[in-house]
Structures are given as C-alpha cells and as structure tokens.
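The structure appears right after this line, and notes come after that.
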Amino acid sequence: MTATKKIIRTVLIVLGLCALAAAACAETKTAAPYTYEILDEENRIAEIVDYNPPRTSDSGGIDLVIPAELDEYTIIGIGDNAFKLQRKLKTVTISEGITYIGSRAFSSCDGITRLKLPESLTSIGNRAFSNCKGLMSVTLPASVNSLGENPFALCSNLIDISYDGEVYKSEDGILVQQEEGRLVSYLHPSDSGKYRVPDGIRIIGKSAFAECKELTDVTLPDTLEVIEESAFKGCTGIGDMVIPTSVTRIGNRCFADCTSLETITIPDNVTDVDGNPFMGCKSLTEIVVGGEHPTLQMVDGVLVDVSRKRLLCYPCTRKEETEYHVPDGMEVIGASAFEFTGMLEKIYLPDSVKEIEDYAFSNSFMRAIEMPAKLESIGMWAFENCSNLISIRIPDGITQLNAMTFAGCGRLESVILPEGLKMIGDDAFSDCTMLAGITIPETVTEIGSTVFKSCETLTSVIIPETVETLGNKIFDGCVSLKEVAIPSSLTVLPEGMFEYCRSLEEIQLPEGLKAVGNSAFNGCNALKEIHFPEGVRTIGSSAFRGCTALTALELPQKLRTIGDSAFFGCTGISEVIIPSGVTQIRSHAFEECENLMNAVVPASVNRMGVRVFYHCPLDMVVWVEKDSYAEQWCDGEAITPTYWDGSAPET
C-alpha cells in the first residue's frame with residue numbers, strides 16, 4: 001500500500017460515515033459495471049473495489065478499459081480483489097492517473113492475454129496478477145517503484161517482463177529488486193527443469209518460485225541470505241535442495257508442498273526459522289541439523305528451536321503415530337507446526353506452552369487436545385479445518401480468540417470459553433456445523449464479523465450486555481437459530497446479522513436501536529413479526545427481503561429511510577402505512593409483495609426509486625396526498641393513486 005493511500009485511508013477513518021450513520025465502513029457507490037469506494041469526499045478521490053460485467057452471450061471475451069474517473073470522482077487506484085476471478089476479461093487497459101493496484105486485484109483472471117499499465121502507476125500489490133495464465137508478456141512502467149509479494153505468481157505462461165526503470169531489473173527470466181538483491185519473480189524460463197539462481201541474489205522473495213512444478217533442480221548462490229515465506233511452495237518436482245551456508249533466515253512454508261523433497265540440511269548459520277518451512281512435504285524423511293547448530297535441534301524426529309523453546313515442524317511423513325507428547329519445556333507451538341500432519345489423533349501439550357501461533361494445528365487430523373493452563377495466546381487459523389475435533393476448553397489466560405481460530409471444525413460440538421475473554425475475532429467458529437450452543441462470557445466486549453456463520457445446528461445464543469462492538473453477518477446461515485438476546489445498548493443492527501436464519505420466528509430489538517443494517521434479516525422466512533423501537537430511522541437495503549411469514553408491518557414514527565429491496569418478496573404483508581417523516585423509499589422496496597393491497601405514502605417523501613411496488617397486486621391501492629412528490633412518482637410508474645388528506649386513510 002502506498003503512503004498516499006495510507007494517508008487517504010486515515011482521513012477516511014476520521015471523516016467517513018456510512019449510509020447507516022454508524023457502521024465503521026467507507027461509502028461505496030456504483031457506476032456500472034464498477035463499484036468504487038470514496039476515499040476522500042472533499043477532494044472527490046476514490047478507488048475501484050468491484051467489477052460486475054454485463055451479462056452477454058458473447059464468448060469472445062471482454063476488452064476492458066478501466067477509467068480514471070467515475071461520476072466526477074478521480075480514481076487513483078484499484079482495490080484488493082477488485083477484478084478477482086473475472087475470467088471473461090481478454091485485454092485490460094488501465095487509464096493514466098491510476099497510481100496503485102491492490103493485492104490480488106486481478107488474481108485468476110486467466111483469460112487476460114494483454115495488459116497495458118499506465119505511466120502513472122507506482123505500486124502493485126501482493127499477487128496482483130497471480131494465476132493469470134493467459135499472460136505471456138508484461139511491460140512495467142518505469143514509474144513503478146514498489147512491488148508486493150510476487151505479483152505474477154502462478155502465471156505459468158509468462159516469459160517476459162519489460163522494465164526500464166531504476167528500482168528493478170528484468171533479465172534472464174527473473175525480476176529483481178536491485179538495491180535489496182531480492183528475486184521477486186521467476187518466469188518459468190527453464191526447459192530442462194534445472195535452474196541456477198544468479199550470484200548477487202541475497203533474498204528469494206515471497207512466492208518467487210511458487211508452483212513452478214517443472215523445476216527439478218535449483219542451485220542457490222553463496223550470496224543468498226534469506227529465503228522468504230512460500231518461496232518454493234508447490235515446487236513438486238524438486239527432490240533435493242542444498243541451502244547455502246550463507247543463509248541466515250528461512251520463512252514459514254518456504255518449501256511447503258514440495259512433495260518430492262526427500263532430504264534437506266539446515267546449515268548452522270540459519271538461526272531464524274519463521275514457522276514450519278516444510279509443511280505438506282509428504283516425502284521428506286530426513287531433516288539434517290548439525291550437532292553444533294546454535295539454535296536448532298531434531299528432538300525425536302521433530303524440528304525445534306531450543307533457544308526460543310519453539311516447536312517448528314512435526315514432519316507429516318510420521319504416519320505411524322496416533323499420539324504425540326510435545327517435549328517438556330517448549331513454550332511456543334510454531335506457525336504451521338502440525339499443519340496437515342498425518343494420523344495424529346491426540347496431542348499433549350506440556351504446562352510450559354504459552355503460545356500457539358498461526359495455523360499451528362490447521363487441517364490436522366486430531367480429535368482431542370488439552371490446552372495448558374498457562375497458555376496466553378492462540379494465533380489466527382490455529383485450529384482451522386480440524387474436522388475431527390469434537391470439544392475444546394479454552395484456558396483462563398486467553399483474552400482474545402483471533403480470526404478463523406476454529407473455522408471449519410465441522411464436528412466441533414462443545415466449546416467452553418474462559419471468563420476474562422474480551423474479543424472473539426472474525427470467523428472464529430464459522431462453519432462449525434455441529435456446534436449447537438455456546439456461552440459467551442460477560443467479559444466479552446467485541447464480537448467480529450461472521451463469527452458463527454453457517455453454524456447450522458446452533459439454536460440459541462445470548463450476547464451479553466458487555467458487548468460494545470458487533471461485526472457483520474455474525475449469524476449468517478445459522479438455519480436452526482431460534483433464540484438470540486441482543487445487548488440493550490446496541491444502536492445499529494449490523495449488516496447481515498441474521499441473514500438466512502430460517503428458523504428465527506421472533507426477536508426483541510433493543511429500545512435504543514436507530515438503524516437496521518443491510519440484509520439484517522434477509523431470507524428469514526420464518527420471521528412472523530417484528531416490533532421496531534420508536535427511534536429507528538433507517539431500514540437498510542434488503543433488510544427483510546424474503547421474510548415471507550411476516551404478516552403485519554408497523555413502521556416506527558421516526559423512520560426516515562427505507563432502503564433498496566428492504567421488504568422485497570414479503571408476500572405475507574397486506575398493507576403498509578409509511579410514517580409521516582419518511583423522506584426516502586428506495587428502489588424495489590416492496591417489490592413482489594404479492595398480497596400488498598394498500599400502501600400509504602405521506603407528503604414527506606421526496607425521493608422514491610424505481611419499481612417500489614413492482615409485481616404487487618394489480619388492484620393494489622396507493623394512497624398519496626394531492627400535489628405531493630408521491631403523486632408525481634405514481635404518474636411516472638403508471639400507477640393510478642388514490643388521494644387522501646393526510647389523516648389516516650381507511651385501508
């Protein structure tokens with residue numbers, strides 16, 4: 001991310017208010033086929049964050065010119081993932097004025113055969129064009145001075161990158177950052193399967209050789225000092241690798257999924273090992289560490305950093321064991337240490353363990369683990385996709401659960417959270433499909449987004465009064481959820497909070513509520529009634545879309561805005577009285593309300609979108625005040641209104 005972008009985002013945080021007046025997100029707008037995010041309203045600066053191409057039967061692909069201006073906003077960048085998976089793109093021209101391209105912005109756009117970048121471009125984010133298999137050549141403008149993690153990873157047909165600037169050098173099939181001596185990208189130039197990294201290279205950058213499956217033999221130079229994360233990940237043809245004695249650091253997963261790698265020697269100078277370098281190396285039978293190595297040892301076939309008391313790698317080739325006791329004295333279970341390990345069903349941690357790092361047990365086979373009482377932290381994705389894990393007790397020293405900690409643990413039935421827990425991170429229990437209940441301690445103040453997403457057997461949850469911050473889509477797809485208690489202090493019901501909770505029949509909203517977020521109850525087709533607190537001013541887009549069991553609708557008197565498709569498809573509603581004071585009814589608000597016979601629209605309404613009552617009964621009565629905006633709108637929609645004098649009409 002460029003310094004300019006960081007500054008703009010800081011300004012945005014200070015100034016930004018989203019459409020619901022309280023959500024912590026930047027405002028986005030649509031100028032088809034693009035969605036853009038406003039970074040600086042005062043100076044009308046924005047970035048493109050999404051792309052929705054028009055539907056077409058043309059199989060010839062799309063020739064796209066990405067503009068530098070939309071709706072009089074200056075577009076300065078392309079956001080993360082903005083065009084990801086747009087496989088119909090054939091040629092892409094990015095207009096002058098755009099200065100940055102975000103991480104994975106065009107990832108897996110494998111139809112792109114030609115790419116034209118602007119001279120204004122200065123930075124390209126992590127893996128921005130990864131897996132664009134149609135690219136054969138790219139010209140980088142001389143203005144580019146910052147490249148993230150291999151922007152062209154997995155571009156298996158890319159054979160040439162042209163660049164005439166000063167920061168990078170492109171020759172002989174590699175792209176190098178000259179000052180650091182960092183090899184950023186390898187362009188698959190070898191036909192023989194053998195490649196010698198040039199002398200002078202000091203760093204093999206992140207993902208530089210990722211998925212270069214044709215490589216069988218790579219020779220590293222004596223100038224090399226660092227092999228970064230995922231540098232050779234997925235190089236399935238490499239059977240042997242000699243790490244030069246000049247190397248001092250090797251990154252997490254740097255040889256991950258090198259499935260032909262059988263033996264490797266770690267030199268004595270390597271004193272910094274960041275996580276598990278050999279995750280998924282299914283043929284690796286021997287890791288050689290010298291007896292005089294100052295920090296590393298093999299302990300019963302397991303790689304440990306004795307100086308940091310950190311277990312680094314349990315080899316996945318050890319398939320004969322079903323139980324494993326981590327050595328006494330270990331304080332840290334390193335990143336990815338047990339990831340994708342064989343048949344281990346139970347892992348015993350000693351009382352000395354204080355930290356479990358990111359991905360430590362991700363995708364492992366274990367059924368049970370007992371966490372030590374002195375454990376202080378658990379990293380992100382630490383137990384992700386441990387599909388056989390049935391129960392877990394989190395010790396009292398843990399104050400936060402990070403993102404994705406237990407995501408995808410499909411057999412997890414029981415979770416005991418500690419008193420003292422303050423934060424539950426994004427997706428912490430998402431897709432735990434067998435989790436029927438959970439008690440959230442009263443010490444928790446923050447619950448992230450999609451924490452319980454698709455927990456299909458979850459039936460009831462009490463969110464304690466101590467919770468001050470709630471993320472979006474917390475219970476999205478919890479199809480069995482029937483009972484939820486919400487903190488009385490909540491003023492904004494977050495976006496998608498109960499989306500597709502198909503068993504939810506009723507809910508009590510807090511009296512201080514001021515806004516119902518977009519898609520908050522979208523698809524809750526069992527919801528029979530909703531009682532709005534009087535202070536609610538905004539009902540967001542698709543908030544009650546598809547709530548077919550909803551029969552009575554009494555809107556709050558302080559309501560001001562009804563969002564797009566807010567009650568789309570609410571087939572049980574027969575009448576709606578819009579309170580005086582509402583100013584906006586947005587497009588499709590009551591579309592396909594097939595039994596809506598009467599709708600009262602007050603004179604306060606000064607903006608109505610298209611098709612507000614589309615596909616409602618033909619004999620439906622729309623009550624309006626004479627000479628009001630609603631009367632004009634009815635004329636434009638070919639609806640014959642019925643007049644009333646502002647008092648309650650007989651419906």
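Quick notes on this structure:
- Filter result for Asp160 (touching a Ser or Thr at 6+ places or on another chain (Cβ under 6 Å), modelled with pLDDT under 95, under 28 Å from Thr223 (Cα atoms) and surrounded by fewer than 17 Cβ atoms within 10 Å (Cβ to Cβ)): yes
- Yes/no for Asn402 being of a type outside the set (Lys, Arg) and under 21 Å from Glu321 (Cβ atoms): no
- If you go through the range 350-364 and keep only what is part of a loop (DSSP other than H, G, I, E, B) and surrounded by 19 or more Cβ atoms within 10 Å (Cβ to Cβ), you end up with Val353, Glu357, Asp358, Tyr359, Ala360, Phe361, Ser362, Asn363, Ser364.
- Residue check, Thr259 more than 16 Å from Met366 (Cβ to Cβ) and touching a residue at least 24 places away in the same chain (Cβ under 8 Å): yes
- Filtered residue count, the range 94-144, keeping only those that are of a type in the set (Val, Ile, Thr) and assigned to a loop (DSSP other than H, G, I, E, B): 6
- Answer residue from the range 193-213, given it is farther than 27 Å from Gly125 by Cβ and in a loop (DSSP other than H, G, I, E, B) and is most open to solvent (accessible area, probe 1.4 Å) among those: Asp199
- Subset of the range 453-502 [open to solvent by 30 Å² or more (accessible area, probe 1.4 Å), of a type outside the set (Val, Ile, Thr) and over 13 Å from Leu435 (Cβ atoms)]: Glu465, Glu468, Asn472, Lys473, Lys482, Glu483, Ala485, Ser488, Ser489, Glu495, Tyr500, Arg502
- One residue stands out in the range 136-156 among those that are farther than 15 Å from Asn126 by Cβ and of a type in the set (Gly, Ala, Ser): the one that is nearest to the chain's Cα centre (by Cα), namely Ser156.
- Within the range 459-486, tally of residues that are in a loop (DSSP other than H, G, I, E, B), farther than 18 Å from Ala428 by Cβ and aliphatic (A, V, I, L, M): 2
- Listed conditions (1) over 24 Å from the mean Cα position of the chain (by Cα); (2) closer than 18 Å to Lys84 by Cβ are all met by Ala128, apart from (1).
- Matching residues in the range 556-580 - criterion: being hydrophobic (A, V, I, L, M, F, W, C), open to solvent by 10 Å² or more (accessible area, probe 1.4 Å) and part of a loop (DSSP other than H, G, I, E, B): Phe568
- Restricting the range 328-349 to residues that are exposed (fewer than 15 other Cβ atoms within 10 Å of the Cβ), in a loop (DSSP other than H, G, I, E, B) and not acidic (Asp, Glu), the residue that is modelled with the highest pLDDT: Gly329
- Among the residues of the range 86-145, those identified as among the aliphatic types (A, V, I, L, M), within 14 Å of Leu158 (Cα to Cα) and open to solvent by 10 Å² or more (accessible area, probe 1.4 Å) are Leu115, Met136.
The values are calculated or read from the model by the stated rules, or taken from the named source; none is laboratory data. If you're wondering where the values come from, they're calculated on a predicted model, not measured in any experiment. Positions of Cβ are backbone-derived with ideal geometry, glycine not excepted, and every protein chain shown enters the neighbour counts. SASA here: full protein model, heavy atoms, side chains in, ligands and nucleic acids out. Shrake-Rupley method; radii C 1.70, N 1.55, O 1.52, S 1.80 Å.
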